[in-house]
Amino acid sequence: MKRLFLQMLVIVVAALVTGFVSNAARNKLAWGGNDPELLKRQADISRISLDEAAKHTDDAHAFFLDVRPRVEFDASRIRGAVSFSADDFTAAYAEIRDFLGPDVQVIVYGESTLPAVRAAEFLQARGHTAVRVLDGGWRMWQERTLPVDTGAAP
Amino acid sequence: MMAREPRFGWAGAVLLLLRFALGGVFIYYATPKIVAPDLFAADVFNYHLLPPWGVNALALVLPWLEMYAGVFLVIGVWSRAAATLMAGMLVVFLIAFTSAKLRGFDIACGCSERGAEAKSTGLLFFWLRDCAMLAAALLLVRFDRRAPSPLGLLRPNA
C-alpha cells in the first residue's frame, strides 16, 4: 500500500512539474495567466444566459459584440452582431463607440470565455457599465441553433 | 504469503484489454488539453467551481496527470497506481459535472472536444461513460496484479 501511494505521488509530481515547465517553455500561459488582475476580477463580470440573450437578437437597444477573429465573424455570427475583434479592441472600439449609448445593453461573446471577459473589461474601463458576457459563448449559441447571420457583414 | 506468479489466462487478457482501452481513452482525452490549455481553462471556468487562480493551475496540470496515468497504464508500469489515480479523477469529474448541471450550467464537459467542436454534454451520457470507465479502473486496481505487462520485459507493478 505504501508503495502504491509512493507511485501515485511520483505520477502527480511529474504531472505538476511537466504542466508548469511545458507551459513556461512555450510561453503560452493558460487562460488569462499573464494577466493576474483579470483573473481576480473575471468572477465579477456580469453574465447573461443564452435564453435571455436570445430575446435581444432583434432588440434595437441591445448590441452583440463578437470578439472572434474577423474571418470567423464573417463566416457566421449571432444575428445582428458587430465585430469587436480581440486582435485590436482599440480600433474596434473607435468604430462602435458612438453607438454605445447609455440605454444600450452590450452582450459580448466569443469562441471561449476569456476574450469576451477581456472585451467586457475593456468596455467597462471606458464607462460602459451595461456589459454582460454571454454564458456558453458562440459554441453554445450554435448548439442551440439560435438565430445567426452568415456571409461577410456589410 | 507468497505472491502468485501472474499467468496470462483469459482474466489476464481481459485486464490487458481494459488497460489498453482505459489508458488509450485517457491519452486521447489529455492530448487536446495539453495542446490548448487556454481552451481547457475556459471549460474549467464554465464549471464555476474553482476560484480564478485555481482555473489555470488545474488546466495546466490535469491534462498531464491524465496523460501520465494513461501512458503508465498502457505500458503496464505502476499500473495499479495509475488506475487508482484515474478512479479518483473520474469520481471528481462525476461530482463536478453533476454539480454544474444541477446548478443550471448547460456546458460541454471539457473531456476531449475543444473550441467549435465542443457540444453540450448530456448528464445521462456523462454518467454512463464515466461510470463504465470508473468500473474498469476499479477492476484494474483490484485485479491488475494478474495482468502481464505488454512490454514483456517488465513485470506488472514492478
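The values are calculated or read from the model by the stated rules, or taken from the named source; none is laboratory data. In this text, all values refer to a predicted model and were calculated from it rather than measured experimentally. A quick note on method: Cβ atoms are made from the backbone with ideal geometry, for glycine too, and the neighbour counts reach across all protein chains shown.
Cβ-Cβ contacts under 7 Å between residues 6 or more apart (or on different chains), taken from a first residue in segment A:94-117 that is under 11 Å from residue A:68 (Cα atoms) and among the charged types (D, E, K, R) to a second residue that is modelled with pLDDT of 85 or more and surrounded by 15 or more Cβ atoms within 10 Å (Cβ to Cβ), are listed as A:111/A:68; A:111/A:138. Pairs linking a residue in segment A:45-56 that is part of a helix (DSSP H, G or I) to a residue that is of a type in the set (Gly, Ala, Ser), with Cβ atoms under 8 Å and 6 or more positions apart or on different chains, are A:50/A:136.
When residue A:103 is tested against (1) part of a loop (DSSP other than H, G, I, E, B); (2) of a type in the set (Asp, Glu); (3) within 18 Å of the chain's Cα centre (by Cα), exactly one condition is not met: (3). Among the residues of segment A:130-154, those identified as under 17 Å from the mean Cα position of the chain (by Cα) and in a loop (DSSP other than H, G, I, E, B) are A:130, A:135, A:136. One residue alone among A:63, A:73, A:84, A:89 is crowded, with 17+ Cβ neighbours inside 10 Å, more than 15 Å from residue A:50 (Cβ to Cβ) and in contact with a Ser or Thr (Cβ under 6 Å, 6 or more places away or on another chain), and that residue is A:73. Of all residues in segment B:80-100, those that are closer than 15 Å to residue B:129 by Cβ have Cβ atoms under 7 Å from Cβ atoms of residues that are β-branched (Val, Ile, Thr), 6 or more apart or on another chain, in B:87/B:141.
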